[in-house]
1. How do the helices (runs of 4 or more DSSP H) wholly within the range C:140-228 filter down when requiring 3 or more residues that are at pLDDT 85 or above: which remain?
2. Select from the range A:109-132 the residues that are part of a helix (DSSP H, G or I) and under 23 Å from B:Gly150 (Cβ atoms) and list them in ascending order.
3. Which one is nearest to the other protein chains (Cβ to nearest Cβ) among residues in the range B:156-175 that are among the polar types (S, T, N, Q) and assigned to a helix (DSSP H, G or I)?
4. Only one of C:Gly262, C:Gly229 is surrounded by 21 or more Cβ atoms within 10 Å (Cβ to Cβ) and either of a type in the set (Lys, Arg) or in contact (Cβ under 8 Å) with a residue 40 or more places away in the chain (or both). Can you tell me which?
5. Give me the pairs: first residue in the range C:120-143 and farther than 16 Å from C:Ile222 by Cβ, second residue hydroxyl-bearing (Ser, Thr, Tyr) and at pLDDT below 65, beta-carbon distance under 8 Å, and six or more apart or on different chains, which are they?
6. Could you count how many residues in the range A:139-150 are within 22 Å of the chain's Cα centre (by Cα) and surrounded by fewer than 21 Cβ atoms within 10 Å (Cβ to Cβ)?
7. Between B:Thr68, B:Thr86, which is within 14 Å of chain C (Cβ to nearest Cβ), in a helix (DSSP H, G or I), hydroxyl-bearing (Ser, Thr, Tyr) and buried (at least 21 other Cβ atoms within 10 Å of the Cβ)?
8. Please go through the range A:198-217 and give me each residue that is among the aliphatic types (A, V, I, L, M) and free of Cβ contacts under 8 Å to residues at least 60 places away in the same chain, ordered by number.
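The values are calculated or read from the model by the stated rules, or taken from the named source; none is laboratory data. This is a predicted model, so every value here is computed, not measured. With ideal geometry, Cβ positions are generated from the backbone for all residues, glycine too; neighbour counts draw on all protein chains shown.
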Amino acid sequence: MSESASEAAGVSDVVVPATVSVIGADMVFNRGRPNEVVALRDIDLDVADGEFVSLIGPSGCGKSTLLRLVGNLLEPTAGTITVNGKPASRARLDQDYGMAFQQAGLFDWRTVARNIELPLELRGVDKADRRARALELLELVKLGDFADHRPWELSGGMQQRVAIARALASRPGLLLMDEPFGALDEMTREHMQAELIRICAELGTTVIFVTHSIPEAVYLSDRVVVMSPRPGRITDHIDVKIGDRNDDTREASEFFEKITEVREALRGIERDLGGLGVDDR
Amino acid sequence: MSRSAPTPRSDRIASVVAPIVLGIAFLALWQWFVVARDIKPFLLPKPTAIWSEFWDSFANIRKATRVTATNAFFGLVAGSIGGAVTALVANRFRRVGEMLTPLAAAANAIPIVALAAIFGRMFDSTTETPRRLVVLLVVFFPVFINVLRGLREVEPVHLELMRSLAASPTAVSRRVRLPNAIPFFLTGLRVASALCVIAALVSEYFVGQQNGLGPKIAGAAKGSSNYPLAWAFVVAACALGVAFYLVAILLERVALPWRRGPSR
Amino acid sequence: MRLRALWMALAGMAVLIACWEGYIALGEATDGTVLGFDLPARYDKSAMPHVWNVVTRFGDQAVAGRPGTVGSAVLAACWYTFRVSMVGLLIGVAGGMLVALVMQRWRLAEKALLPYVIISQTIPLIVLAPVLNAWSGQLSVGPIEWQRWYNLAIIAAYLAYYPVAIGALRGLQSPKEHHVELMDSMAASGTATMFKLRLPAAVPYILPALRLSAASAIVGTIVAEISIGGSGIGRLIIDYFQRSTGDATNIAAAVLGAALLGLVVAALVSAFEWTVMRNRQRDAMSEMA
């Protein structure tokens, strides 16, 4: 992360290291009851500082559940989850991560800037500092002119950018993202992917990203983690070292090779299951 | 069946013109019908007769309207505040909510105005208190149900977000549930504003002095057999009901520019 | 879950009764003055009868010297109100459906009528009750002489039509664009689209409205009876109110009867709703696609 880039963005952040360690995690819903579901079994996952990891797999493979375990929105039935060396619950209370969901989830009754200020309000940051930080982040996601607009005045893509800005408000070193671009059209999606890469490169953020889309996973990540359902488990780690991402990346042969590699891994699962679950788009 | 899309501008004009035209046509038809068939005024007076009677007796009409309107207003304000506060309590203490919700559902089915008779005994029936209590009750339940819904029916993504931000339950209430409940409160208020005038009027039939619009209508009809006057009072009552409702709608429009909230 | 809801409802009732009796007890114990303040409401027999007394009153004789208990009088009055309001409900529902169909079919009709329909719910037509009185005995529609209870039914119908009109309109308009396009692509006639798409889609909207309509019809009839008369429960409440000045037990009994009438009607409509929707739940889910 170059000095000039961070200065240009106006974001005077210290790079916050963030690591995630999942060991032997199980997640069983409705244990002991007739509708018991084993969402995850024996998950081991290590995410290094600054790494961008995608979770991909057919429906029911537990990728969203795994994300929520890391974020301590759920408690695992077995195993340990460590974020930055602390238990996941501690990490949540310390706001060590920011989360983005498939719906932007902005509050209609607040302006864009006030939406971004929400995490800071909860931490008791004072008004002036909050406002300054919100404006900084708006510049970062290139929505500087929209500070006092209302969420419904923004397009879907813009709302998601605000949601990402909100997720970065407390300077977390880790971003957890659950198909944030799923509801957007293809072109907006590609644009948002490029933006996300840029922001994470500047801030050195660690990211765990859940997606249905193979090209998206390959474009964004350093590593694609392939999961399969029934019970949910990790079947493959695929390194995606194809250099810095830019506009040409999507047309490079290595890009397509990696996509094929991921697709093959998923087809393997498909064969075992006999069904479809992932986008080839 | 193909549909041609009307231009937005002609659409908007039609939305305003069509009801006006219909209203005028209706009144014209009414007038013609009474005159042509020589209908006796005690059955159906002419619109023109009602109009002139309205202005002749304007002072009386205004006095009676004031009585009904203040009763409706008092009951509306007290009932809304009561309903909203009770909903906050019911949201905070589950047991309270569980006890009150079936009662509120039952209240929907019960003719609350019948309680006016009991209130007329409990309180001095020469005061407006029994009537205002009836309005209060009629207003209370829709507001209570709506506000409680608003506090509870929060979007799951908002709750997940707050949890991911390690927000305390108080913070969630303050920053999510309460703002979320405001559109619901205004919806309840809208429903209540339509009901409060009717409740005020109806309670006048059950109890109290001969001073509101309700008894005046009955007095003009039965007592002095002045049917145009009775209808003039009816017009005032209708106008009052519409006025309350329009104010509530205006409030909703102003406070909720994003037109959120459930439709009832 | 259902059982718990029932328990809580009963608990709520118990709390209400406790408050009622508690207030009476407070009044009697302190002789009406607490801490220098007069209690706001009268608490003696002429205003707040004991709950148990009200219950037992149903078995007592209604009028001295004549047969018939208070209970039977209340029951007869409720039956009268029930029948009249059901006629009104039928007319109101039919009228509401008709208005909704017209408004859905022609957009111009919707524009012209909808403001009036919405405003009509704020207009207390009940105020016309004393005026309508003049119609009975004087008016004849063809060979039928206008009876007193027709007025009651009209008012009930007026109150009942609004929920159905709005609910039906919303329901008829509810099919999504792609459903309608599907019917068009199959060259379905307007009637076919109405019967196969819009009307079935409207049912889940009409049924809840029906509950509201039924309740409104009951309330409307009861209130209209005050000015118009008849032998319904509304009239009975007023009679007791005017007659028994020293004892409010009869009034309370009649009011209780009216409340029970409302609940019974609500239960009937809910049962009807349940039988219609029972087979549709699964259909509705598949249509949701």
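1. C:148-172, C:199-228
2. Passing the criteria: A:Arg114, A:Asn115, A:Leu118, A:Glu121, A:Leu122.
3. Among them, the one singled out is B:Ser164.
4. On the way: C:Gly229 fails: surrounded by 21 or more Cβ atoms within 10 Å (Cβ to Cβ).
Only one candidate qualifies: C:Gly262.
5. Between residues of the range C:120-143 that are farther than 16 Å from C:Ile222 by Cβ and residues that are hydroxyl-bearing (Ser, Thr, Tyr) and at pLDDT below 65, there is no close pair.
6. Summing the residues that are within 22 Å of the chain's Cα centre (by Cα) and surrounded by fewer than 21 Cβ atoms within 10 Å (Cβ to Cβ) in the range A:139-150 gives 3.
7. That would be B:Thr68, the only listed residue that is within 14 Å of chain C (Cβ to nearest Cβ), in a helix (DSSP H, G or I), hydroxyl-bearing (Ser, Thr, Tyr) and buried (at least 21 other Cβ atoms within 10 Å of the Cβ).
8. Result: A:Ile199, single match.
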